[in-house]
Every structure is written in C-alpha cells, then in structure tokens.
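Chemist: Got a structure here, written out as structure tokens. Questions coming.
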Amino acid sequence: METVYAAYAAKIDAVLAAMEAEGTLPADTSRANVTVEPPRDPSHGDLATNAAMVLAKPAKTNPRALAEAIVAKLAADSTILSAEIAGPGFINLRLNAQVWLSELAAIAALGDKYGASSMGEGTRVNVEYVSANPTGPMHMGHCRGAVVGDALASLLSFAGYDVTREYYINDAGGQVDVLARSAYLRYLEALGEDIGEIPEGLYPGDYLKPIGAYLAQELGEKYRDQPEEEWLAIFRAETVEKMMDLIKSDLSLLGIQHDVFASEAALHAAGKPDAAEAWLREHDLVYDGVLEAPKGKAPPEDWEPVELPLFRSTRFGDDQDRPIKKSNGAWTYFGADLAYHMQKADEADALIDIWGADHAGTVKRIKAAVAALSEGQGKTIPFDVKLVQMVQLMRAGEPVKMSKRSGNFITIADMVEEVGKDVVRFTMLTRKPEAQMDFDFAKVVEASKDNPVFYVQYAHARIHSTLRKAAAENFAPSDANLAALGEEERALVQLAAQFPREVESAAKAREPHRIAFYLYDLAGAFHAYWNLGNDNPEKRFIVAQDKSLTEARLFLAQRLGQVVRNGLRILGVEAVEEM
C-alpha cells in the first residue's frame, strides 16, 4: 500500500514524465534530485517539491516558469486543493484532509512493515563495527560504536539492503601475545602459585582469572615450568577464544549479534596480505620506495632511509604513500587492513566501517585503498567510515576514569545491569556520533521530558494505557468516522506520515540517530496533544458521550503506537506497554 509521500512523489514524477513527452523537458532528464518533503514552514502547505528548481537548467528555462507549467498540470488532481509557487520556484501543495486520514489506513495495513523501503534493492552492504581487540571485556569505550553500528545495520536492512554485520578480531598483533602472557600468570595462579603483583605491561584485570582456571583445568600441570615458546601459541589461541566468548556475551546484553567474525590471524594464515600485495603490484598500486622522513620535525638520530613496499595512496588523495610492510618484513597494520578490506569487497557491493574517533588519521589511506580496489576491479565499491566520539561517563557529577590495563573500568555488563539495555542503546543515539557525549547515570533514568528514552517509551505506554482503559469502557478503535478528527489530530497524522521518508533519508545518510530524533519529535507532539485534554475534556482520547469520535481517536492512537514501535525496533529498543 502506497504512503502519502511516495504517492505524491509518483504523481509529480508522472507530471514530469508527461512534460518530457511533450518536449517541455529534454528526453532522459535525470529526476534523481527531485524531492517531495514537508515545507520548512507548515503554514506554507502540506508538501513541497523542488522539481522546478533542479530541472530548470536542463530545461533551459527559469525555475519559476517551469514551476508554473508544473502547477498547471497538478491542478487536474482533485486531491490537491492548491499548488502555489514560493520564492524562486519551490512548489507548495495543500492536500485534501482525506489524503492524510487515508495514511492511517496505510499504517494499519502495513503494520510492522510501515516505513520499510525497497531503496536498497538487495544491495549487499557490509557493516563492520565494534572490532575491539580481544584483550578485555566490552566497556564504555566500545559501547557507542557498537550501538551506532548495530542500529545502522538494522536501519539499512529496513530500507531494503542485504546487510552483513561483521566483527574484525585483531588477534595477530603484539597485544595478543601480552594477553597470552597475562593469562599464563593466571594459569599459574590457578595451579596454586603465588604470582604476586602483575608485572608492568601485562593485563592485571580479574576478568582473566576464570580463563586461567579454565586453562589449568584443561591443560593441568603440563606448561607450569615450560619456556614461553612451548606455550605462547596455545595460550594465545585459547585465551582469544575465551575472550571472544566473553565479548559476544557482553554484546548480547545490548541485543547485538554479528553475522561474521573475521580473524586477522586467519587472514595472515591464509596468505591474504601476500595475495593483496601481488594483486596491487600487478596493477601498479604498490612499488618499492623509500619512505620519507617524518614531516614537521627532525627525524630521530637512528632514522635511516629504508626501501619498503609502498602503496600509492597519494594517487587517491592521501598526503603520502604508505608502507604495507615494516623494515623487518612484518606487515604493517595498514597492510593487513588493506588485505582485510579486499576480502570484504569480494563479498559486498558497499562497505561501512564504524571506528572510534582516535582512528581519524587512518581514514584517508584506507579510503584510498578501497578506491584502488574499485579501480583495479573495474567496479565502484562505495565505502564510508563513520567516526564515533568517546563517551564521558559521569557519576555524581564526577567523571569515571577507565583503564583497561589496570582493570578499573565500567563494562557494558555493568551499565546494562544498572540502567537497562534500552536506556543504554537509545541514549547512545541521542546525539550525532561525531559529537561528544556525556552519559550521566542519574540523568539517563530520569522520568522527564529531558530524558529522550523515557519520553518516547512513555508515549507508547500512554497509548497502550489509553487503549486498555477504552476497552474496559467498551470502546474500540475504528476508522469508520475518521472525518471527525480535527486539525490537531491531522497534524499528528502528518508527522507520523513522515516516518517512511525519515527511514530513507537516514539510510541514505547512514545516520540512525535521525530515527531517534524523529521519535522524540513524534512523542513530543503526542504528549502535547494529550495535554490538551487536561484543560479541555473534549480533547481527550476518550469522550464518553461521543462514541464515534472516541473510536476515531483510538484508531489514531493505535497507528501512532505502530510508528513508535517500528522506529524503536530499528534502534533495538523495546516499545514498553507499561511504565
């Protein structure tokens, strides 16, 4: 069933197609940038289109003249009460009230699918997020990126994309050897040895004690007095596996599950970096050259020019070519990351990475790498990196300091236990990810308008409370007399009707926080309407002496609840029925 914005976008497209057939518009004129949206000022009408503004140039006319021609054709549509030209050529439309009331029927018919889109058309999108080193439990530093990535994956799926949620396990670097050594100490401790203070440079957190106990139970005394070369690889593999079990458990508390866990160690074992280097050399994208001395400062005294395999990232906008191997022949992180993205590009049509803001310096070069892969493979691989700022955790007005090495940090499990999954998830989406955020344990559970998650969930709970009360009084939602709804109710419908286009615009921009912003606005409009009944009983949802009006308002309330549920589902937040 077609929704309002889709229906009128189709009507305007049909008008433009007719004008093209007449010769008013050139044949095959792109209409991709034509939009139908709410006017910035609601007093200007119900819908606005920029069609004349964006098509005037290819039509070799001025926007206002083209707008007049479009308006003349729209006049034949009986559902359009007026079409007015504003400013240099915007067209504002006023619609018959019945058009908006019929949107309630569309919401009822589509139910959980209201707002879903086919814009993705099955395009395979790989969304990689979290990808934390497997050296400790999930903590606040990982939480925001985890929620943003998961909500984005849900949003894209709702918009018709074929989404793969991926976690890249950084299990090949030196920090994993440090983890293995730390676990070995806990293994000795579990065998009864006094290990004393954990040496500087190792992970001291208590989260490794259960892993040490597990290793002691599984391996017994076998490695108690063995040299490191005898046990390091075994302890590394076992500890990473157990840490990933812990990480997956932590993420599940936030409702997060990945489809793919890609291992950096497995990438190296399969020779993927070597294959990537060979492919890149074949396409003249890697060459042997001397890395420039560090810019802006004198090089270290022991610095010597060394010939290294360099990726031609300057060809793609980077400020210098980048080494893919170190002087000792080991792969740089960039070299392995390049091979990893090459692996992902084989299975996807578009790539999205969710990174912490501390990785900002890597964005340009990895984008250059993916651009190179696109060029070399003769296809375009859209690639987007979303940077997520850290969250400042507050308690009693004071920042909570965290350190993974000291073991003194607040985990995701701690957060979920204290304030709940829904509060954590929704709060992480109440600001743009590139903006700084404070997470105050007191404020996020406030029952007030200033707490967005409460405000939105309360709107849904209020709707269900109203429906329960109405049922007890023998009223049922009905669309039999929607014409009884007035301007205030139609304004709610118009806001609800924006949900499908909000989904598409948020998916196109890769910004799931837009859905959270929209839900807050919708909840605010609902609460404002509800409050009208405090002063005027005739404005309440249940008007005992007017059955048809009551049932029409209940039908409206049901549909608003559906839109709130659909939006919250994208965000991974429960639509509660009682508070």
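Chemist: Place the peptides 193-204, 265-276, 83-94 in order of packing, highest mean first, counting for every residue the other Cβ atoms within 10 Å and averaging per peptide.
Modeler: Result, highest mean Cβ count within 10 Å first: 83-94, 265-276, 193-204.
Chemist: Provide the net charge surrounding V416, with neighbours chosen by a C-beta distance below 12 Å and charges set as Lys +1, Arg +1, Asp -1, Glu -1.
Modeler: Spelling it out: positives minus negatives among the neighbours equals -3.
Chemist: Of all trypsin sites (Lys or Arg not before Pro) in segment 431-539, which ones are in loop regions per DSSP and have a Cβ with at most 14 other Cβ atoms within 10 Å?
Modeler: K449
Chemist: So, one more: Given points 7 Å out from each Cα along the Cα-Cβ axis, report the K113 to A270 separation in nanometres with one decimal.
Modeler: With each label placed 7 Å out from Cα toward Cβ, I get 3.5 nm.
Chemist: Mind scanning K344/K508; K344/K449; K222/K242; K242/K421 and naming the pairs with a C-alpha gap bigger than 31 Å?
Modeler: Among K344/K508; K344/K449; K222/K242; K242/K421, the Cα-Cα distance tops 31 Å for K344/K449.
Chemist: While we're here: Return the long-range amide H neighbours of L81 (sequence gap of 5 or more, or a different chain), with a cut-off of under 5 Å between placed amide H atoms.
Modeler: R94, L95, N96
Chemist: For segment 4-95, give me the percentage of DSSP beta bridges that are antiparallel, rounded to the nearest 5 percent.
Modeler: 100 percent
Chemist: Now, a different point. Taking the alpha-carbon centroid of each part, what is the distance from segment 413-456 to segment 495-540 in angstrom?
Modeler: So the two Cα centres are separated by 19 Å.
Chemist: To continue, here is another question. GluC sites (Glu not before Pro) within segment 206-283: which are DSSP loop residues with at most 14 other Cβ atoms inside 10 Å?
Modeler: E221
Chemist: Something else: Measure nothing but the geometry: give the 0 to 90° angle between the long axis through the Cα atoms of 4-22 and the longest principal axis through the Cα atoms of the chain, rounded to 10°.
Modeler: Between the helix axis and the principal axis of the chain, the angle is about 80 degrees.
Chemist: Also, quick follow-up: What are the ³J(HN,Hα) couplings of segment 510-522, residue after residue, when phi is run through the Karplus curve with 6.51, -1.76, 1.60 and θ = phi - 60°? Round to Hz, x for glycine and proline.
Modeler: 6, 10, x, 4, 4, 5, 4, 4, 4, 4, 5, 5, 5
Chemist: Based on a Kirkwood Rh over C-alpha pairs, give the Stokes-Einstein translational diffusion coefficient of segment 1-52 at 25 °C and viscosity 0.890 mPa s in µm²/s.
Modeler: 204 µm²/s
Chemist: Sticking with this one: Would you mind checking the radius of gyration and Dmax of segment 174-253 based on alpha-carbon positions, in Å?
Modeler: 12.2, 39
Chemist: Residue-wise, which Karplus ³J(HN,Hα) couplings in Hz belong to segment 101-118, taking 6.51 cos²θ - 1.76 cosθ + 1.60, θ = phi - 60°, and x for glycine or proline?
Modeler: 5, 5, 5, 4, 5, 5, 4, 5, 5, 8, x, 4, 8, 5, x, 5, 10, 9
Chemist: Quick check: net charge around P433, other residues with Cβ under 11 Å of its Cβ, Lys/Arg +1 and Asp/Glu -1?
Modeler: Taking every Cβ under 11 Å from that of P433, the sum is +3.
Chemist: I'd like the orientation of helix 333-345 relative to the chain: the angle between its Cα long axis and the longest Cα principal axis, in ° from 0 to 90, rounded to 10.
Modeler: Tilt of helix 333-345: around 50 degrees.
Chemist: What is the Cα radius of gyration of the chain over 2.2 N^0.38 Å, N being its residue count?
Modeler: 1.18
Chemist: Could you name the lysines whose alpha carbon sits less than 16 Å from that of K73, not counting residues in the same chain fewer than 8 places away?
Modeler: Correct list for K73: K11.
Chemist: Which whole-angstrom value gives the distance between the alpha carbon centres of segment 324-384 and segment 130-157?
Modeler: 19 Å
Chemist: Using only Cα atoms, what is the ratio of the radius of gyration of segment 4-95 to 2.2 N^0.38 Å?
Modeler: After normalising by residue count via 2.2 N^0.38 Å, the value is 0.98.
Chemist: Could you name the aspartates and glutamates whose alpha carbon sits less than 18 Å from that of K326, not counting residues in the same chain fewer than 8 places away?
Modeler: List returned: E264, D274, E277, D288, E292, D302, E304, E307, D337.
Chemist: Can you give me the long-range amide H partners of S263? Hydrogens built in the peptide plane at 1.01 Å from N, cutoff under 5 Å, separation of 5 or more residues or another chain.
Modeler: Residues meeting the amide H criterion: I169.
Chemist: Kindly write out, for segment 211-218 in residue order, the coupling ³J(HN,Hα) from the Karplus curve 6.51 cos²θ - 1.76 cosθ + 1.60 (θ = phi - 60°), rounded to whole Hz, with x marking Gly and Pro.
Modeler: For segment 211-218, the Karplus-derived couplings read 5, x, 5, 5, 5, 5, 5, 6 Hz, x marking Gly and Pro.
Chemist: Separate question: Contour minus end-to-end for V543 and E418, with contour as 0.36 nm per residue of separation and end-to-end as the Cα-Cα distance?
Modeler: 40.9 nm
Chemist: Using 1/(1 + (r/R0)^6) with R0 = 56 angstrom and r between the beta carbons of A278 and N62, what's the FRET efficiency to the nearest 0.05?
Modeler: 0.50
Chemist: In nm, to one decimal, how far is the modelled label at A14 from the one at R569, with both set 7 Å along Cα→Cβ?
Modeler: 3.0 nm
Chemist: Within straight cross-link reach of K379, meaning Cα distance under 15 Å, which aspartates and glutamates are found once same-chain residues fewer than 8 apart are removed?
Modeler: Qualifying aspartates and glutamates at Cα under 15 Å: D346, E347, D349.
Chemist: 7 Å from Cα along Cα→Cβ at both H44 and K449: what's the point-to-point distance in nm?
Modeler: Each label point is offset 7 Å from its Cα along the Cβ direction, giving 2.7 nm.
Chemist: Between helix 174-190 and the chain, what is the angle of the helix's C-alpha long axis to the longest principal axis, kept within 0 to 90° and rounded to the nearest 10?
Modeler: It works out to around 70 degrees.
Chemist: Report, by chain and number, residues whose modeled amide H sits under 5 Å from the one on F383, excluding near sequence neighbours (fewer than 5 apart, same chain).
Modeler: For F383, the qualifying residues are L351.
Readers should treat all values here as calculations from the given coordinates under stated rules, not as data from a laboratory. None of these values were measured; they are calculated from a predicted model. Reconstructed Cβ throughout: ideal geometry from the backbone, glycine too, with neighbour counts over all protein chains shown.
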